[in-house]
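One structure is given here, and the rest of the page talks about it.
The values are calculated or read from the model by the stated rules, or taken from the named source; none is laboratory data. For clarity, every value in this text was computed on a predicted model and none was experimentally measured. Here the Cβ is made from the backbone with ideal geometry for all residues, glycine too, and neighbour counts use every protein chain on show. Ligands, DNA and RNA are stripped out before the accessible areas are found, and what is left, the full protein with its side chains, is counted by its heavy atoms. Shrake-Rupley method; radii C 1.70, N 1.55, O 1.52, S 1.80 Å.
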Amino acid sequence: MHTAREVASNREADRLMILPVSERVFAKKACPLRVATGAWLVLAGLAVVPATPARAQNFFEELFGIGRAARPPQPPRNVPVQPAPQPVEPGAPAPGEGAETRPSVPAPPRQPVVLRVPAEDNVAGHDLLLNGLNGSLKIERSGSAYTAQMTLPGTKISQPTENCTVKLDGGKPMPLSAEGRAQGVSRFTTASAECPLRFEILDGSVLATRLGSGSACTFTAADCETTPSGLWGPNAAALLPQAGEFDTARGIADKAVRDNYKIMTQRARGGDIRPIVQEQAAFSSDREQACRTYAREGAHGYCHLRFTEARAIALATRLGANTATPTASNAPARPRRSRAPVEGMNPDAQGAEPFADQ
């Protein structure tokens, strides 16, 4: 009994016998090629198709267009979906428009800093010394008028190494002429022909300036030459206990000068800025020049404080500020005095101050 393979082989042989000789040779050569090609296609299909049944199913789904490629795309998870824009009615404001889009109101311009202006009679009746060292200046008030008695220190013309003193106008009270407050503080001038002076009333002191040419006054009859310009104020011994208060007030005055100086430069235009810068630099130089001779200035800083306060007030006046209403106080806060402990008091009891400075 023949097998299926033998039967197939015999049928192929019978078919070839019917063909012509030329076609019979070609059929014999092409038969192995078809067998090899079929085997290669089967192997390629096995290599492409995934091994697992699930992957094979996915492969065929994609191949026939029924897999993920045929499904509509899905949005990623945890991403908020933006709602569709709502139709806007004609004439209605667009979203985001309204009160929030109104132009912001510009910030108000900076205002000058005004310190307390010293009263005209705050030095009346006090004995003041030139640079806190020597000489004498005493201003008295009589009604609305003011007078001054002044003794000027100097050096002898014939012997410059020796000191001398001269009483202005023979020591008699000299009437003072009020010159207003052109620079913020009160100004007075003397009518003395020998040594005309201008007085600027500061807090507890007077800034004297020689009028006319030169800085020295010469008294030939007294063989004495004097330089009265400078700060006339208390002696150093009276100023040292207040050094801490002066230092605090100096910081406030320095800040007022800086703020007013910035406002002045901001308001200036073009070439007007350069003179302001030069003036500010000259003020710092003049202050150092005038205060370096004040008695023990490095220990109390009184002269620097008064010069700086006068500068801050002058700048505020030039900026058009109302100097009658201070906007900053240059008077330091008084330290709180602690109560003396009572013997037997519990420091933790109510009303006690266990951490107060003793």
Practice problem: Pairs of Cα atoms under 8 Å, at least six residues apart: use those to get the relative contact order of the range 124-249, whole percent. | Solution: 24
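Compute the relative contact order of the range 206-338 as a whole-number percentage, counting only Cα pairs closer than 8 Å that sit 6 or more residues apart in sequence.
30
Order Arg287, Arg269 by their accessible area, 1.4 angstrom probe, all chains in place, largest first.
Ranking Arg287, Arg269 by accessible area, largest first, yields Arg269, Arg287.
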Quiz item: Quick one: accessible area per residue over the range 177-311, 1.4 Å probe, rounded to a whole number of Å²?
Solution: 47
Exercise. Let me know the shape class of the range 246-327, please: from the alpha-carbon gyration tensor, a ≥ b ≥ c as square roots of the eigenvalues, rounded when a/c is under 1.5, otherwise prolate if a/b is greater than b/c, or oblate.
Key: oblate
Self-check item: Lys/Arg +1, Asp/Glu -1 at C-beta; the range 189-336 dipole; positive extreme among Thr323, Leu239, Leu197
Solution: Thr323
Self-check item: Carbon + sulfur, % of accessible area of the range 137-287 - ligands and nucleic acids excluded, 1.4 Å
Solution: 49
Practice problem: Between Gln111 and Ile273, take the C-beta separation as r, use R0 = 30 Å, and let me know the FRET efficiency to the nearest 0.05. | Solution: 0.90
